[in-house]
Amino acid sequence: MADIIQLLPDHVANQIAAGEVVQRPASVVKELMENAIDAHASEIKLLIKDAGKTLVQVIDNGSGMSITDARFSFERHATSKIKSAEDLFKLNTKGFRGEALASIAAIAHVELKTKQELDDVGTQIVIEGSEVKSQEPVVTPTGTSIAVKNLFFNIPARRNFLKSNTVELRHIIDEFHRVALAHPSIQFSMYHNGSESFHLPGSNFRQRIVNIFGIKTNEKLVPVNEATEVLTVSGFVGKPEYAKKTRGEQFFFVNNRFIKSAYLNHAINSAFDGLLKDGKHASYFLDLTVNPETIDINIHPTKTEIKFDDEHTLYAILRSAVKHSLGQFSIAPVLDFDR
Ligand code: ADP
Ligand code: MG
């Protein structure tokens, strides 16, 4: 019998990997914004056209890349962020897999411009479906601009699967909010089809929440602060009377990364026990800081789910911290003494 197993060519492997990392334009937004943060940018601009279907561009004033690194950044498993498996448990960057740019370049038209501070000119790379079309010198400010055009141009099935512009834009705004809330000291702006949708100057967490969700939010925030050996909690919960019918404003950040956790969400609900009317959801904006060695971020392609070593302890601390804050602001259930 003839042998039938062969290695897939790189561009095919990249396209397959892309299916996991890039589900929709919002996934590109997340990956590019996280790269800008990892490059220590203090200003990040997001430009969107047609809800990201024709353009997602992120411009940052971060470190930029050398000519060689710029080319190398599109290779699979090419990263400047980790060197060994142990580093996975000491992460202080958003990225670590070295897969995002390779994946994105496999399924879109990408134009990268980047320059490091000490260089006079930068470098520009055009890459389409994993194929490098050109690399040449370019005059560009220090930092990086990556434009991702025509997402899924070579995978019509995926392109057709995209939802309406309204839905895709909603996903983009959600990602933008999550990243902006996790990094209040960085200035962010977002433009859709040429007009500014958000301008968020660098500030603190409370101000960032108010800038995003509106001035009325300010009075409904109750501070939460708790520091223990295993967990530091800081941030805000919404007063019970402002609870919402939808689950909109619920944010956990673990070591500055937005995560979803039904279990920790339950801890909050249980702290609110008896304070919320039926069917209403508490709002919360909570930063959790834990020792990076006690979490595993590498369990999900989009890194929004993580594994904690000791979830039960975190649950208890979180619940008690929120209960304490609600109590301090004398937001206890109203007891009826007249009967
Ligand atoms: P990862 O973020 O997991 O390392 P990416 O594919 O997202 O993988 O990026 C690959 C590499 O390209 C990064 O490790 C980084 O060195 C470089 N890079 C990507 N985006 C930027 C940026 N905006 N500024 C500076 N360097 C960048
Ligand atoms: Mg990355």
(request) Could you work out the Rg to Rh ratio of the stretch 257-310, with Rh taken as the Kirkwood radius (inverse of the mean 1/r over all Cα pairs)? (result) 1.04
(request) For the chain, build the charge dipole from Cβ charges (+1 Lys, Arg; -1 Asp, Glu) around the Cα centre, then report which of ILE59, GLN328, THR114 sits farthest towards its positive end. (result) GLN328
(message) How large is the convex hull of the C-alpha atoms of the stretch 133-246 per residue, in Å³?
(response) 226
(request) Quick one, can you get me the convex hull of the C-alpha atoms of the stretch 1-54 expressed as volume per residue in Å³? (result) 111
(request) Two decimals is fine: what's Rg over Rh for the stretch 20-117, C-alpha atoms, Kirkwood radius as Rh? (result) 0.95
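Could you sort the peptides 186-193, 272-279, 32-39, 125-132 by per-residue average Cβ neighbour count (10 Å cutoff), highest mean leading?
The densest-packed peptide leads the list: 32-39, 186-193, 125-132, 272-279.
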(request) Give the distance, in whole Å, between the Cα centre of the stretch 75-139 and the Cα centre of the stretch 10-29. (result) 14
(message) Cross-link candidates for LYS220: which lysines have Cα within less than 17 Å, leaving aside residues fewer than 8 places away along the same chain?
(response) LYS239, LYS244, LYS245, LYS277, LYS280, LYS323
(request) Tell me the Kirkwood hydrodynamic radius of the stretch 216-328 in angstroms, computed as one over the mean inverse distance between distinct C-alpha pairs. (result) 14.3
(message) Apply the Karplus curve 6.51 cos²θ - 1.76 cosθ + 1.60, θ = phi - 60°, to the phi angles in the stretch 97-102 and return the couplings in whole Hz, x for Gly and Pro.
(response) 8, x, 10, 4, 5, 4
(request) Please report, in Å, the Rg and the Dmax of the chain, where both are computed over Cα atoms only. (result) 22.0, 89
(request) Kindly provide the helix-only [θ] at 222 nm of the chain, computed as the sum of -39,500 (n - 2.57) over DSSP H runs of four or more divided by all residues, to the nearest 500 deg cm²/dmol? (result) -9000 deg cm²/dmol
(request) Whole number please: convex hull volume per residue, Cα atoms of the stretch 10-200, in Å³. (result) 116
(request) Run the quick spin-label model on HIS199 and THR313: label points 7 Å from Cα toward the beta carbon, then report their separation in nm to one decimal. (result) 4.7
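Using Cβ counts within 10 Å as a stand-in for footprinting exposure, how do SER203, SER185 rank, fewest first?
With the fewest neighbours first, SER203, SER185 line up as SER185, SER203.
Taken together, the values in this text are just the output of simple stated rules run on the coordinates, not laboratory data. Note that the coordinates shown come from a computational prediction; the quantities given were computed from them, not determined experimentally. In this analysis, Cβ positions are derived from the backbone assuming ideal geometry, glycine residues included, and neighbour counts consider all displayed protein chains.
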